[in-house]
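Written out below as structure tokens is the structure these notes cover.
The values are calculated or read from the model by the stated rules, or taken from the named source; none is laboratory data. It should be emphasised that the depicted structure is a prediction, and the values quoted were computed from it without experimental measurement. Using ideal geometry, Cβ is built from the backbone for each residue, glycine included, and neighbour counts are taken over all protein chains shown.
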Amino acid sequence: MVSQNIRHEVRLLSRNYWFVSLSLVLVLLCLYAGYNGLRHFERRQADQQQAIAAQQEKEDLIQEVALNLSKGEEHPSAFRLSPMNVAIYTGQLATMPATEISKLAIGQSDLYTHQIKISSSEDLATLSFNELNNPVQLLFGNFDLAFVLTYLVPLVIIAFTYNLRTQELESGRLRLLASNPINTNLWLLQRFIIRYCSLAIILTFILTLTAVMVGMAFSLSLVTFFLLTYAYLAFWFAVSYLVNIYGYSSAKNAVSLLSLWILLVLILPTVINQAANTVYPMPSRVTLLNEIRQTKKELSQEQDRVLDEYLRNHPELIRNEGQNAYGYWQGYFASQELMEEELSPVINRFDEQLTKQQKWVDSWGLLSPAVLFQDGATELAGTSSKNYNEFKANVRSFSLDWRAHFMPFVFDNTMLEHSDLEALPKFEYRSILGTSGVLVNISVLLILSVLMAIRGLALEGKQELLSFSRS
Amino acid sequence: MLHAVNLTKKYQENLALDNLNLVIEPGDIYCLLGANGAGKSTTINLFLNFIAPTSGKAVIDQIEVSKDPQAIKKLIAYIPENLVLYNELSGLENLEYFVGLAGMKYQQDELVSFLQEAGLQSEAFKKRVKTYSKGMRQKIGVAMAIAKRAKVLLLDEPTSGLDPKASNEFSELLLRLSQQNVATLMATHDLFRAKETGTDIGIMKSGKLVEQLSTEEINHSDLEKLYLNHMNN
Amino acid sequence: MMVFRVAKKEILEMTRSGQFKWMLGIVVALSVVAIYISHVHWQEKNLQRELAQEDARSLWLAQGATNPHNAAHYGTYAFKPQFPLSLIDPGVEKFTGVSIFLEAHSRNEADNVAAADQTGLSRFGDLTPDFILLFIVPLMIIALGHQSVTKEKEQGTLRIIKTQGISNQQLILGKWLGNYAPVAILTTIIFILAALFIRQIDWKFVATMWLVYLAYFAIVNSITLVISSFLNNSGISLVILLAIWIVSCLAVPKTASSFTNEKHPYPTRQEFDAAVAEDKKKGLDGHDPWSEASKKLEQETLQAYEVSKLEDLPFNFDAFRMQKGEEHETAIYFKHNEKLKEVHQKQTQVYRSLAFLSPFLPTRFLSMSLASTDYSTHWNFADAAEKHRVEMQRVLNTNFAENSKLGEWSYKADASLLSEVPEFNFEAPDFGEVMDANKSNLLILTAWLLGSFALLFFASTRV
């Protein structure tokens, strides 16, 4: 039956001009989406290179000064080696490099910045990671490959399978088929699998073409992206299979499948998002602003107490001169550090809520294949909100290290030397998010598909599926 | 070959088939007559296992249909009133596909010979089915039955809507198959065709078999009188 | 009237179909939930902002007697008010900040972007009334109307209807009305329901927004009937209409945004800040008396007042220099923000010229504008905040200059100075301004309305 069915479907599909022309449209859509993704990637890279170059210039300057001074020469900009200058003015650039897959899924990368200057004068609580952008663009979103796959491909699947069984039923061909010694639901499943494979092959071809066009190299992530796409396709084929078995008319199948599409792709994600915001509401950012100011004010009014308290906790910084010798900068750094400490529970509240929201979304997202796919794709591309939360956390913890590194210099009142420059902490974006989350999404999609297929097969003969006799 | 034993089908309160008993031997062409809704198609659907009987049993070649539907489907061929095929495939391709689903493998020339046997003109073999007339499509149905080496033929008003010539050709095909010991059950409205082609006639009314006779016992006009008599009561 | 008889039959048929009841039930339930949740969120945010605004002011005043320049550095916040109609259409609110820190020497960007505090799911959209109006209701129109004519063809009833002496135009118009009436009623109910929750309602805005959506739905309804008239098969009609929906509501806006951004890209924040810093370096720094620009200002001031020493000036030159530096920096910020605004205006221009591609776009823009949640209003807010900041610096520096001597950094102004700095207040553009700014959107929407009716008329001749 299988080989019969394969030849049969190939014949039918190749003579179906809808299928052929829609495949061509799909090629164009994917190539256009790939082009958009590529442009986005290139801009992101160029911006980052520019920022890195500007930062490098600053760092080269202090290197030059330090080198001159280490040779015993004079330099007019010797003040640049003060710990305050290096910690605040020179600072360091924290960057989040773009991955190759981000050409396929822009995700949240249009919302956030990928290069942020770390300077000891910044408050972590108000550190902004947002990129300068036209909000209308953020509202509309991007035409990237993930969009084509998430929204459009399910509709292509629906268009090609919604009446695979009901067409036979309505024309009476199904009676002819059922008069043969076959399991009709298995026969139908084979047809679905064959169509699935044809679409998967076509998409593989299109995606490969797109990947080649945007200059992507073969990689494990790319393979995972393909697998995710296959799993997503399988889900929609399985849904259509089940609807076909339950349904009695092609028109009703079309409406049911489209309603499911609207529900799963359009409505459910917004409902889950809205529910996450309602169940785990974010504390007020605007209230936080005043809390920060209040804390700052208290700390600035009690500079001496602050310094005392700080030194009690950091006896290693106490120098022989005695505490009264300390001036503005020591107080400044100490109060900055104390402020971070005092505010960290407040800021953590935001992170905790966001983590809870993410967990909520992760578990309820299982209800919507679109969420699973989008989530998996952006995670592979390193453009998911999880990646950005990681980047934010990396930046915050590095900021603390950065300030801590300068404390001894500030309290010693010493300038940095050439060798000290080598020992400065270096920011590096480290992601511990593996592909395990994506693999979970793939498995869930596949398991759901298989369950639906099994359910369909189990319905063979259970209902009087053919009782449509006209007499 | 075909046995209906107290075969009954109920839809909620509606008795579609009431205690039908029927025997059709190899070589018989049994014609079921009756108005729309009399239970003709229900009988055929029960033999095809498209629906399950409420009580009683349908038996083909000593196998109870509802017990082992896959086994009996190897024996039967079915031609509905309107044989719908895949329009974008040729007659030959359609035959190949359906016969393949029945688990048979044939070479191209064998398939061609079945079509010839079924009386389809050879220039039509490779044309797409959407260009076929109804009679041509019914011939593909017959070719399927031949290729399947069916022992039982179940026909649901196969000649309605055919022109007299096509109808006549179809009857001749049935006769040829019956000579090869195929048992045929045909539901029809066509009294003339039933008398000409059939060996036995059954008249159904409101789910009951009200009359059974052999075609040799009766002539055309008496059959019509008898039929109308039953219908009017 | 024939037309109404046809409409009545359509509505009767619709109300008897299970599909219609389900669909209506779901849309109504979603609308009610959306309006209620929006209302709760709206109140919550409004309360937060009002409190924050009060807190910011009291913190500002609580500084007491202080050095004016210290107060300038301490700064305060400008909060964007929550506008009443954002309950129906929150527009780009989620992606723009709500607060701006006003301090000496620098113009800050609006901060606290809500989208950054949400998961990636937020990009799918929010369950708000505008989401239902813009996306779901058109789908409902399509679901109800796609088979309006095709079904009559399939059943053969069309041939009978046509022998009854009704003209094609009457038939199609009747069907149009029959399909439109439930949608119009639903829209009206959504607006009334939302209006019940809105405080300080301005009916001009609400009514206009209501009309804009009714026009949008009329366009969708016409297109639906046009397609249904041209085709013979309900399934194909549904697929084509759905494709049109996806193209209009999802693909065109996304393409427009990608296209616009490529044509007129924004600088990155890093670039923007670097450019500002570069310009600042070249000019006068209020805190740096040794720079070339400072020396020049010193000479000019001494000459102007015909004195030889800074101490002889009738005001504190330090504060004077501070103010001059502030003015210089303000000019730099102004220049760069104007550049940014230029990009924004060019982008808006592109969006406007692309609006003819889909009725979704003019509706989207008009709706946001009327709700004061569009990008232009945000720019107005940012500009107003900057104006306020400049005024605040002027008041503080003037007081510093007039009441202290050179080098007198220990000078403390009276606490009453702080209340001389006015409270920040931002008003949304009034109705006339909104209409004026949206002339092209209104024009395009009207063109779509007329065009779709013309097409409907043409289609009715082909039934």
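Please find, among C:T330, C:T301, the residue that is more than 14 Å from chain A (Cβ to nearest Cβ), polar (S, T, N, Q), surrounded by fewer than 19 Cβ atoms within 10 Å (Cβ to Cβ) and more than 22 Å from the chain's Cα centre (by Cα). Before you say what the answer is, go through the steps one by one.
Details: C:T330 fails: surrounded by fewer than 19 Cβ atoms within 10 Å (Cβ to Cβ).
Result: C:T301 is the single residue among C:T330, C:T301 that is more than 14 Å from chain A (Cβ to nearest Cβ), polar (S, T, N, Q), surrounded by fewer than 19 Cβ atoms within 10 Å (Cβ to Cβ) and more than 22 Å from the chain's Cα centre (by Cα).
Would you mind listing the helices (runs of 4 or more DSSP H) fully within the range C:368-463 where at least 3 residues are more than 30 Å from C:T330 (Cα to Cα) and either of a type in the set (S, T, Y) or within 14 Å of chain A (Cβ to nearest Cβ) (or both)?
Values: elements: C:375-403, C:416-420, C:431-437, C:439-460.
In the range C:368-463, C:439-460 are the helices (runs of 4 or more DSSP H) which contain 3 or more residues that are more than 30 Å from C:T330 (Cα to Cα) and either of a type in the set (S, T, Y) or within 14 Å of chain A (Cβ to nearest Cβ) (or both).
Within the range C:64-71, is even one residue surrounded by 15 or more Cβ atoms within 10 Å (Cβ to Cβ), assigned to a helix (DSSP H, G or I) and among the β-branched types (V, I, T)?
Residues of the range C:64-71 surrounded by 15 or more Cβ atoms within 10 Å (Cβ to Cβ): C:66-71.
Applying the additional criterion that residues be assigned to a helix (DSSP H, G or I) yields C:68-71.
Now narrow it down to the ones that are among the β-branched types (V, I, T): none.
Checking the range C:64-71: not a single residue is surrounded by 15 or more Cβ atoms within 10 Å (Cβ to Cβ), assigned to a helix (DSSP H, G or I) and among the β-branched types (V, I, T).
Quick check on C:I227: is it surrounded by fewer than 20 Cβ atoms within 10 Å (Cβ to Cβ), in a helix (DSSP H, G or I) and more than 9 Å from chain A (Cβ to nearest Cβ)? Working first, answer last.
On the way: surrounded by fewer than 20 Cβ atoms within 10 Å (Cβ to Cβ): no; in a helix (DSSP H, G or I): yes; more than 9 Å from chain A (Cβ to nearest Cβ): yes.
No, not satisfied.
Would you call A:V10 at pLDDT below 90, in a helix (DSSP H, G or I), under 30 Å from A:F218 (Cβ atoms) and touching a helix residue (DSSP H, G or I) at 6+ places or on another chain (Cβ under 8 Å)?
Details: at pLDDT below 90: yes; in a helix (DSSP H, G or I): yes; under 30 Å from A:F218 (Cβ atoms): yes; touching a helix residue (DSSP H, G or I) at 6+ places or on another chain (Cβ under 8 Å): yes.
So A:V10 passes the test.
Please specify each residue of the range A:136-182 satisfying the condition of being of a type in the set (A, V, I, L, M, F, W, C) and farther than 30 Å from C:K94 by Cβ.
From the range A:136-182, those of a type in the set (A, V, I, L, M, F, W, C) are A:136, A:138-140, A:143, A:145-149, A:152-153, A:155-160, A:164, A:169, A:174, A:176-178, A:182; that's our starting set.
Residues satisfying the conditions are A:V156, A:I157, A:I158, A:A159, A:F160, A:L164, A:L169, A:L174, A:L176, A:L177, A:A178, A:I182.
Can you spot a residue in the range C:37-46 that is facing another protein chain (nearest Cβ under 10 Å), surrounded by fewer than 16 Cβ atoms within 10 Å (Cβ to Cβ) and acidic (D, E)? Don't jump to the end; show me each part of the working.
Within the range C:37-46, the subset facing another protein chain (nearest Cβ under 10 Å) is C:37-38, C:40-41, C:44-45.
Narrowing the set further to residues that are surrounded by fewer than 16 Cβ atoms within 10 Å (Cβ to Cβ) leaves C:40, C:44.
Add one more test, that the residue is acidic (D, E), and what stays is C:44.
Yes, the conditions are met somewhere in the range C:37-46.
Name the single residue that is nearest to C:L361 (Cα to Cα) among those in the range C:437-461 being surrounded by 14 or more Cβ atoms within 10 Å (Cβ to Cβ) and not hydrophobic (A, V, I, L, M, F, W, C).
Of the residues in the range C:437-461, the ones surrounded by 14 or more Cβ atoms within 10 Å (Cβ to Cβ) are C:437-438, C:440-445, C:447-449, C:451-453, C:455-457, C:459-460.
Still in the list and also not hydrophobic (A, V, I, L, M, F, W, C): C:438, C:440-441, C:451-452, C:460.
On the way: C:N438: 12, C:S440: 11, C:N441: 8, C:G451: 16, C:S452: 16, C:S460: 27 Å.
My answer is C:N441.
Given A:A254, A:A276, which one is touching a residue at least 24 places away in the same chain (Cβ under 8 Å), closer than 26 Å to C:Q118 by Cβ and among the small types (G, A, S)? Reasoning before the result, please.
Values: A:A254 fails: closer than 26 Å to C:Q118 by Cβ.
When all the criteria are applied, what remains is A:A276.
Quick check on my filter: what residues within the range C:169-195 are more than 26 Å from C:F131 (Cβ to Cβ) and surrounded by fewer than 17 Cβ atoms within 10 Å (Cβ to Cβ)?
Answer for the range C:169-195, where residues must be more than 26 Å from C:F131 (Cβ to Cβ) and surrounded by fewer than 17 Cβ atoms within 10 Å (Cβ to Cβ): just C:Q169.
Only one of A:W261, A:W329 is within 11 Å of chain C (Cβ to nearest Cβ) and either at negative phi or modelled with pLDDT of 80 or more (or both); which?
Details: A:W329 fails: within 11 Å of chain C (Cβ to nearest Cβ).
The match here is A:W261.
Regarding the range C:68-88, can at least one residue be identified that is at the interface with chain A (Cβ under 10 Å from one of its Cβ atoms) and of a type in the set (A, V, I, L, M)?
Within the range C:68-88 (the criterion being at the interface with chain A (Cβ under 10 Å from one of its Cβ atoms) and of a type in the set (A, V, I, L, M)), the answer is no, since none of the residues qualifies.
Go through (1) within 18 Å of the chain's Cα centre (by Cα); (2) surrounded by 21 or more Cβ atoms within 10 Å (Cβ to Cβ); (3) under 22 Å from C:G235 (Cα atoms) and name the single condition C:F135 misses.
(2)
Conditions tested, residue by residue: (1) part of a strand (DSSP E or B); (2) among the hydroxyl-bearing types (S, T, Y); (3) modelled with pLDDT under 90; (4) touching a His at 6+ places or on another chain (Cβ under 7 Å).
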position: B:V5; (1), (2), (3), (4): yes, no, no, no
position: B:T8; (1), (2), (3), (4): yes, yes, no, no
position: B:L20; (1), (2), (3), (4): yes, no, no, no
position: B:L32; (1), (2), (3), (4): yes, no, no, no
position: B:N36; (1), (2), (3), (4): no, no, yes, no
position: B:N45; (1), (2), (3), (4): no, no, yes, no
position: B:A52; (1), (2), (3), (4): no, no, yes, no
position: B:K57; (1), (2), (3), (4): yes, no, no, no
position: B:Q70; (1), (2), (3), (4): no, no, yes, no
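For A:Y248, indicate whether it is within 24 Å of C:H146 (Cα to Cα), out of contact with any His (no Cβ under 7 Å at 6 or more places or on another chain) and in contact (Cβ under 8 Å) with a residue 12 or more places away in the chain.
Numbers: within 24 Å of C:H146 (Cα to Cα): yes; out of contact with any His (no Cβ under 7 Å at 6 or more places or on another chain): yes; in contact (Cβ under 8 Å) with a residue 12 or more places away in the chain: yes.
Yes; evaluated as a whole, the condition is true for this residue.
Residues checked against (1) out of contact with any strand residue (DSSP E or B) (no Cβ under 8 Å at 6 or more places or on another chain); (2) aliphatic (A, V, I, L, M); (3) farther than 27 Å from C:A65 by Cα:
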{"residue": "C:N337", "(1), (2), (3)": "no, no, yes"}
{"residue": "C:Q347", "(1), (2), (3)": "yes, no, yes"}
{"residue": "C:Y351", "(1), (2), (3)": "yes, no, yes"}
{"residue": "C:F356", "(1), (2), (3)": "yes, no, yes"}
{"residue": "C:P362", "(1), (2), (3)": "yes, no, yes"}
{"residue": "C:L366", "(1), (2), (3)": "yes, yes, yes"}
{"residue": "C:H378", "(1), (2), (3)": "yes, no, yes"}
{"residue": "C:D383", "(1), (2), (3)": "yes, no, yes"}
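If the requirement is being acidic (D, E), surrounded by fewer than 21 Cβ atoms within 10 Å (Cβ to Cβ), more than 14 Å from every other protein chain (Cβ to nearest Cβ) and within 14 Å of the chain's Cα centre (by Cα), which of these qualifies: B:D163, B:D190? First the steps, then the outcome.
Numbers: B:D163 fails: within 14 Å of the chain's Cα centre (by Cα).
B:D190 is the lone residue from the list that is acidic (D, E), surrounded by fewer than 21 Cβ atoms within 10 Å (Cβ to Cβ), more than 14 Å from every other protein chain (Cβ to nearest Cβ) and within 14 Å of the chain's Cα centre (by Cα).
Could you check the range C:102-150 and list, in sequence order, the residues that are of a type in the set (K, R) and at the interface with chain A (Cβ under 9 Å from one of its Cβ atoms)?
As a first pass, look at the range C:102-150 and keep what is of a type in the set (K, R): C:107, C:123.
Hit for the range C:102-150 is C:R123, nothing else.
Test B:A4 against the criterion of being within 14 Å of chain A (Cβ to nearest Cβ), over 14 Å from the mean Cα position of the chain (by Cα), among the small types (G, A, S) and closer than 18 Å to B:L209 by Cβ, and give yes or no. Walk me through it before giving the result.
Numbers: within 14 Å of chain A (Cβ to nearest Cβ): no; over 14 Å from the mean Cα position of the chain (by Cα): yes; among the small types (G, A, S): yes; closer than 18 Å to B:L209 by Cβ: yes.
Judged against the criteria, B:A4 is not a match.
Table: residues versus (1) polar (S, T, N, Q); (2) more than 21 Å from A:V136 (Cα to Cα).
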position	(1), (2)
C:H378	no, no
C:E386	no, yes
C:M392	no, yes
C:N397	yes, yes
C:A413	no, yes
C:E433	no, no
C:A437	no, no
C:F453	no, yes
C:S460	yes, yes
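Which of the residues that make up the range A:383-425 are surrounded by 20 or more Cβ atoms within 10 Å (Cβ to Cβ), assigned to a loop (DSSP other than H, G, I, E, B) and not hydrophobic (A, V, I, L, M, F, W, C)?
Selection gives A:T383, A:S384.
Checking B:Q70 against (1) touching a Pro at 6+ places or on another chain (Cβ under 9 Å); (2) more than 7 Å from every other protein chain (Cβ to nearest Cβ), which single condition isn't satisfied?
(2)
How many residues are assigned to a helix (DSSP H, G or I) and within 15 Å of A:K103 (Cα to Cα) when one looks only at the range A:361-382? Show your work before the answer.
Keep residues of the range A:361-382 that are assigned to a helix (DSSP H, G or I), which gives A:361-367, A:369-381.
Those left that are additionally within 15 Å of A:K103 (Cα to Cα): A:374, A:376-381.
Residues flagged as assigned to a helix (DSSP H, G or I) and within 15 Å of A:K103 (Cα to Cα) within the range A:361-382 amount to 7.
How many residues are closer than 14 Å to C:A382 by Cβ and of a type outside the set (S, T, Y) when one looks only at the range C:52-80?
3
Table: residues versus (1) assigned to a loop (DSSP other than H, G, I, E, B); (2) buried (at least 22 other Cβ atoms within 10 Å of the Cβ); (3) touching a residue at least 60 places away in the same chain (Cβ under 8 Å); (4) assigned by TED's automatic domain parsing to the domain that holds B:D190.
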| position | (1), (2), (3), (4) |
| --- | --- |
| B:E81 | yes, no, yes, no |
| B:E93 | no, no, no, no |
| B:Y106 | yes, no, no, no |
| B:L111 | no, no, no, no |
| B:G119 | yes, no, no, no |
| B:E123 | no, no, no, no |
| B:I140 | no, yes, no, no |
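Could you look through the range C:291-328, keep only residues that are without any contact (Cβ under 8 Å) to a residue 60 or more places away in the chain and outside any helix (DSSP H, G or I), and pick out the one that is farthest from C:S404 (Cα to Cα)?
Across the range C:291-328, the extreme among qualifying residues is C:S291.
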